[in-house]
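The values are calculated or read from the model by the stated rules, or taken from the named source; none is laboratory data. Owing to the predicted nature of the structure, the values given are computational and were not obtained by experimental measurement. Methodologically, a virtual Cβ is constructed for each residue, glycine included, from the backbone with ideal geometry; neighbour enumeration extends over all protein chains shown.
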Amino acid sequence: MRDRVRLPADARVLAVGADDAPMIFQVRDNCLGFSAHPGIKSGMIEDLVMEFDEVPENIPRTLAQMAAQQRAIADALSEIMVGVVKVTNLMR
C-alpha cells in the first residue's frame, strides 16, 4: 500500500507537506489534485476511527495534536481557496 500519491508525469507541484510530499498539484491548465482533505477537522478523523475495530496506536494523542493545529489548518485553507480560484479562473 502506498501512503503517498503517485503524480502524473506532467503534474506541477503547488504545495508540499512538512516531509516534502506533494500535497497540492496541478495537471493541465485547470485541474487540481489534493493528496489530503484540505478542510479536515479532528472530529472527522474521530468519526472515521470509530468505524473500525482496529485503530492506530496513540490515536488520542494524534487527535489532540490535530486539534491543536486546527487554527493553522483553517488559515492555510483560506490561502488554498484563493489559489484554487486563481488557477481555475473561477472569478473570470
Verdict on SER78 being small (Gly, Ala, Ser) and under 22 Å from ASP3 (Cα atoms): no
Strands (runs of 3 or more DSSP E) (entirely within the stretch 1-56) containing at least 2 residues that are within 23 Å of ASN89 (Cβ to Cβ) and modelled with pLDDT under 85: none
Single unsatisfied condition, LEU48 versus (1) assigned by TED's automatic domain parsing to the domain that holds VAL87; (2) surrounded by 13 or more Cβ atoms within 10 Å (Cβ to Cβ); (3) of a type outside the set (Val, Ile, Thr): (2)
Flag for LEU63 being surrounded by 13 or more Cβ atoms within 10 Å (Cβ to Cβ) and in a helix (DSSP H, G or I): yes
When residues of the stretch 20-32 are limited to those that are surrounded by 16 or more Cβ atoms within 10 Å (Cβ to Cβ) and not aliphatic (A, V, I, L, M), the one farthest from GLN69 (Cα to Cα): GLN26
Which listed residue, of GLY33, GLY43, is touching a strand residue (DSSP E or B) at 6+ places or on another chain (Cβ under 8 Å) and small (Gly, Ala, Ser): GLY33
